[in-house]
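The values are calculated or read from the model by the stated rules, or taken from the named source; none is laboratory data. What you see is a predicted model; the values in this text were computed from it and never measured. Positions of Cβ are generated from backbone atoms using ideal geometry, with glycine treated the same way; all protein chains shown enter the neighbour counts.
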């Protein structure tokens, strides 16, 4: 690799210790003592007498030392270097910042460009570059999401080469994000408030679910009670229609709360019976089977029945009974008269 070099007086001095590019003394006697060769850790760059740059592949031969002595010679450190930066990076909430410990690995990728640049100390340039790029990343994450921010930085810069100049390339960058004490206290108080709010919300939800469950249970109990009562009322109605007092007594003994309902059923049954009787009498009147005079005592008895009173003892005998007696034969009439006399004698003895 060759290139034209500037005059020796125009070149900056790179012979200081601790730099990546070191200028070596170039004389025949010094080259006999120290004739370095390029390796995996360093590269030797020659500047020929014509001003061309060359990266040496091996040591100079004795002929090259005597006949083609380089005008200049440099030893360039091409091993990876590591730098650590402490940066303040913003979060999504601009009021809070991360304290970032950024670890960077860089190396010289072009020894000739490094020699041309003179002193190669890229720390300041790398720091400015990384702060600009990392601020764009951390602004996408809140202060409580530092783990994801670290993963994003590792993804974008972890194993990606970033060229800083013609001579220097960054090969790796990782960051550890931390919070200052005031930010930690703020996050702790905010987290505690969020937990309290969540606990209150869950407690409210539990109370709501319990109340809803209680209402549902009450509804189911009421529905069950209603179904049981409907079953009992059906039994009561059947017993009333069949005039089965024993069933009524047994059922009511275990369910005294049904007494009023049973009384209502009885009244309803009497009302239906009266309505049926009324319909029959109406038909009898329309067909002239009976007269109003004959119906009057029957209506009185029906009224007393509705009121729960005994029938009128002085009510006249039924018409059909009298008509039957009028059709009896004389012998049967005498027999009835004898029976009536015996009844009167018995009544007198009593």
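Table for the structure above
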read-out	value
Residue check for residue 79: under 60 Å from the mean Cα position of the chain (by Cα), within 30 Å of residue 177 (Cβ to Cβ) and part of a loop (DSSP other than H, G, I, E, B)	yes
Qualifying residue in region 161-175 (condition: free of Cβ contacts under 8 Å to residues at least 40 places away in the same chain and surrounded by 14 or more Cβ atoms within 10 Å (Cβ to Cβ))	yes
Residue match in region 225-233 (condition: surrounded by 10 or more Cβ atoms within 10 Å (Cβ to Cβ) and not in a helix (DSSP H, G or I))	no
So residue 102, is it surrounded by 15 or more Cβ atoms within 10 Å (Cβ to Cβ), within 30 Å of residue 53 (Cβ to Cβ) and over 33 Å from the mean Cα position of the chain (by Cα)	no
From 111, 122, residue being closer than 22 Å to residue 30 by Cβ and in the same structural domain as residue 173 (by TED's automatic domain parsing)	111
Residue selected from region 161-170 under the condition under 17 Å from residue 102 (Cα atoms) and in a loop (DSSP other than H, G, I, E, B), by the criterion nearest to the chain's Cα centre (by Cα)	161
Yes/no for residue 143 being at pLDDT 90 or above, surrounded by 12 or more Cβ atoms within 10 Å (Cβ to Cβ), in the same structural domain as residue 121 (by TED's automatic domain parsing) and in contact with a strand residue (DSSP E or B) (Cβ under 9 Å, 6 or more places away or on another chain)	no
Criterion violated by residue 103 - all others in (1) part of a strand (DSSP E or B); (2) under 30 Å from residue 37 (Cβ atoms) satisfied	(2)
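Residue-wise test of (1) under 60 Å from the mean Cα position of the chain (by Cα); (2) within 22 Å of residue 77 (Cβ to Cβ); (3) modelled with pLDDT under 70; (4) buried (at least 17 other Cβ atoms within 10 Å of the Cβ).
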site	(1), (2), (3), (4)
5	no, yes, yes, yes
17	no, yes, yes, no
20	yes, yes, no, yes
30	no, yes, no, no
34	no, yes, no, no
60	no, yes, no, yes
63	no, no, yes, no
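For (1) in the same structural domain as residue 122 (by TED's automatic domain parsing); (2) assigned to a helix (DSSP H, G or I), each residue gets a yes or a no:
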| residue | (1), (2) |
| --- | --- |
| 153 | yes, yes |
| 172 | yes, no |
| 184 | no, yes |
| 189 | no, yes |
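This table checks each residue for (1) within 29 Å of residue 47 (Cα to Cα); (2) touching a strand residue (DSSP E or B) at 6+ places or on another chain (Cβ under 7 Å); (3) modelled with pLDDT of 90 or more.
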{"site": "80", "(1), (2), (3)": "yes, yes, yes"}
{"site": "83", "(1), (2), (3)": "no, yes, yes"}
{"site": "94", "(1), (2), (3)": "no, no, no"}
{"site": "98", "(1), (2), (3)": "no, yes, no"}
{"site": "103", "(1), (2), (3)": "no, yes, yes"}
{"site": "111", "(1), (2), (3)": "yes, yes, yes"}
{"site": "123", "(1), (2), (3)": "yes, yes, no"}
{"site": "132", "(1), (2), (3)": "no, no, yes"}
